[in-house]
Structures are given as structure tokens and as C-alpha cells.
Amino acid sequence: QVQLVQSGGGLVQPGGSLRLSCAASGSSLNINNMAWYRQAPEKQRELVAAISQSGTTGYVDSVKGRFTISRENAMNTVYLQMNYLKPEDTAGYYCKMNINWAEHWGQGTQVTVSS
């Protein structure tokens, strides 16, 4: 059974940094794309960043130059390094992986940017 476990997140001041991690566990994992989404209160979930199996990355405009997505294939893990955080980055953050041709989600973690 595939399971995604997230770590990281929390409360940070504007301009600060946080790093999110998401690790997949299970047997015979064939992981294709990995991505991070976020959902703020009363807003739709949005794609923040994605990375392909070959390492090609993409970002929503609002985080370009501030967030970096990366993956460590040997550890079945995806990371989201978030720098220069703004209050509007406050949201629940969710990882998603395409594993064995099915989508799997992490449990979510809260990021709050506030002074």
C-alpha cells in the first residue's frame, strides 16, 4: 500500500524560509511526476510547483524565484524549499505523486506566514 508522509511547515515571519518534505513508502514504487499544491481558506486548491521524473520543473507565477521544488529519487522524496515567504503564501500544502499510474496525496501540512 502506497503512503505519502509530509513533514515541515509551521509558523514563519514574512521574509522567512521553510522546507517541506514528502516521502513515499510502499513496495515496487514507480514514481513519475511529483508536485506540490496549496489551498488557502475559501480558495480552490492550486498547483504550486511540479517536477517530472527527468527533473524538469514548473512553477506558478506567484512563487517563481522564491520556491524551489526538488526530488531525491533514491529516497522517493520530493522537497519544496520556500524562501522570502509572504503572508499570501499562507495555506495548507499538499504533495502529490503519480505512483504506478495512480495519483497519491500527502496528508497536508499548514504553512502560516505572519508577524
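Tabulated values for the structure
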{"quantity": "Elements of type strands (runs of 3 or more DSSP E) in region 1-98, at least 1 residues being open to solvent by 10 Å² or more (accessible area, probe 1.4 Å) and either of a type in the set (D, E, K, R) or at positive phi (or both)", "calculated": "10-12, 18-25, 31-39, 46-51, 67-72"}
{"quantity": "Answer residue from region 99-115, given it is among the small types (Gly, Ala, Ser) and within 22 Å of Val12 (Cα to Cα) and is surrounded by the fewest Cβ atoms within 10 Å (Cβ to Cβ) among those", "calculated": "Ser115"}
{"quantity": "Some residue of region 36-46 being aromatic (Phe, Trp, Tyr) and within 27 Å of Gln1 (Cα to Cα)", "calculated": "yes"}
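Per-residue answers, yes or no, for (1) out of contact with any Asp or Glu (no Cβ under 8 Å at 6 or more places or on another chain); (2) in contact (Cβ under 8 Å) with a residue 24 or more places away in the chain; (3) among the hydrophobic types (A, V, I, L, M, F, W, C):
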site	(1), (2), (3)
Ser7	yes, yes, no
Gln13	yes, yes, no
Ser21	yes, yes, no
Gly26	yes, yes, no
Ala35	yes, yes, yes
Gln44	yes, no, no
Ser52	yes, no, no
Thr77	yes, yes, no
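The values are calculated or read from the model by the stated rules, or taken from the named source; none is laboratory data. Please read these numbers as outputs of a predicted model, since none were measured by experiment. Heads up, the Cβs are rebuilt from the backbone with ideal geometry, glycines too, and the neighbour counts pull from every protein chain shown. Heavy atoms of the whole protein, side chains included, go into the accessibility calculation; ligands, DNA and RNA do not. Shrake-Rupley method; radii C 1.70, N 1.55, O 1.52, S 1.80 Å.
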